[in-house]
1. Give, rounded to the nearest 20 debye, the magnitude of the charge dipole that segment 18-229 has about its Cα centre when Lys and Arg contribute +1 at Cβ and Asp and Glu contribute -1 at Cβ.
2. Between Leu48 and Trp14, with labels modelled 7 Å along Cα→Cβ, what's the label distance in nm to one decimal, could you check?
3. Please give the Cα centre distance for segment 59-109 versus segment 141-210, rounded to the nearest Å.
4. Using a Förster radius of 30 Å, what is the FRET efficiency between Leu4 and Val199 based on their Cβ-Cβ separation? Nearest 0.05, please.
5. What accessible area per residue, rounded to a whole number of Å², is obtained for the chain using a probe radius of 1.4 Å?
6. Within the accessible area of segment 18-229, what % is carbon and sulfur when the probe is 1.4 Å and the other protein chains stay in place?
7. What 222 nm value per residue comes from the helices of the chain, counting each DSSP H run with n ≥ 4 as -39,500 (n - 2.57) and dividing by all residues, nearest 500 deg cm²/dmol?
8. For segment 4-74, which chymotrypsin sites (Phe, Trp or Tyr not before Pro) are both in a DSSP coil and crowded by at most 13 other Cβ atoms within 10 Å?
Amino acid sequence: MNWLIDFFADPARWSGPYGIPMRLLEHLEFSALALFLAALIAVPLGLLIGHTGRGHLVVVVSANLARAIPTLGVLVLFVLLLGTASIWPVIIPLVLLAVPPILVNTFEGIRGVDPELRDAAYGMGLRGGQVLGQVLVPVALPLILLGLRLSAIQVVATTTVAAYTGLGGLGRFVIDGFATQDYSSVFGGSVLIVLFALVVQFGFTLVQRVTVSPGVSRRLKVREQSPARRGNN
């Protein structure tokens, strides 16, 4: 406990290019850029595959790669290939890490929409793109946001590894603390990373409450409770 007090009570930790605010901003920049690029790739692809029913293999391969790819190994590989003159040796592995959860959840969200709802939309005269944008996406939005939230938390946690390449972020407190045996820095940096991840999770929960319609939320609750009720019976 004294280590944490020493860390957060030190005025030097709160100013300068190596202070907490600057490290937090660096961590946020790396994480936000990686998540944005991953969403730019995975959301449209998941929508397309889920809506057309073509390309299931891409989703399966993506899900399996998410379990198989060692992020630290990929990070080291890109650092060796591209050097450390830019942030891309870190961003690329983070994007590869973030794509699968977004892709899989977007695909499952679109595919899991009630077929009767889809048929009713076509029966009303809506075309393919209109059905996707006006009917399928709003219903699938909770799962899409879940994929984004899972990826965001993974990226925030893994961005800590960026410190191994000499870049900034909150991981610098942990890596540098171990190197110099400054354990107050190690514990303080770890606490900051955990708090940052919790804030990100809370942020996505808040976004879901604001963007998902009450009707869709009630529908999901009914679907989640139905198996439990059947199990109790």
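1. On the way: 14 positive and 9 negative charges, 132 e Å.
That gives segment 18-229 a dipole magnitude of about 640 debye.
2. My value for the distance between the label points is 5.0 nm.
3. Centre-to-centre distance over Cα atoms comes out at 16 Å.
4. Numbers: r = 18 Å, r/R0 = 0.60.
The computed FRET efficiency comes out at 0.95.
5. Values: 13150 Å² over 233 residues.
On a per-residue basis, 56 Å².
6. Values: 7680 of 11270 Å².
Roughly 68 percent, rounded to a whole number.
7. On the way: 11 runs with 183 residues, N = 233.
The helix-only estimate for the chain comes to -26000 deg cm²/dmol at 222 nm.
8. Working: sites: Phe7, Phe8, Trp14, Tyr18, Phe30, Phe36; in loops: Tyr18.
When the chymotrypsin sites (Phe, Trp or Tyr not before Pro) of segment 4-74 are filtered for loop state and at most 13 Cβ neighbours within 10 Å, Tyr18 remain.
The values are calculated or read from the model by the stated rules, or taken from the named source; none is laboratory data. Since we're looking at a predicted model, the values are computed, not measured. Reconstructed Cβ throughout: ideal geometry from the backbone, glycine too, with neighbour counts over all protein chains shown. Ligands, DNA and RNA are stripped out before the accessible areas are found, and what is left, the full protein with its side chains, is counted by its heavy atoms. Shrake-Rupley method; radii C 1.70, N 1.55, O 1.52, S 1.80 Å.
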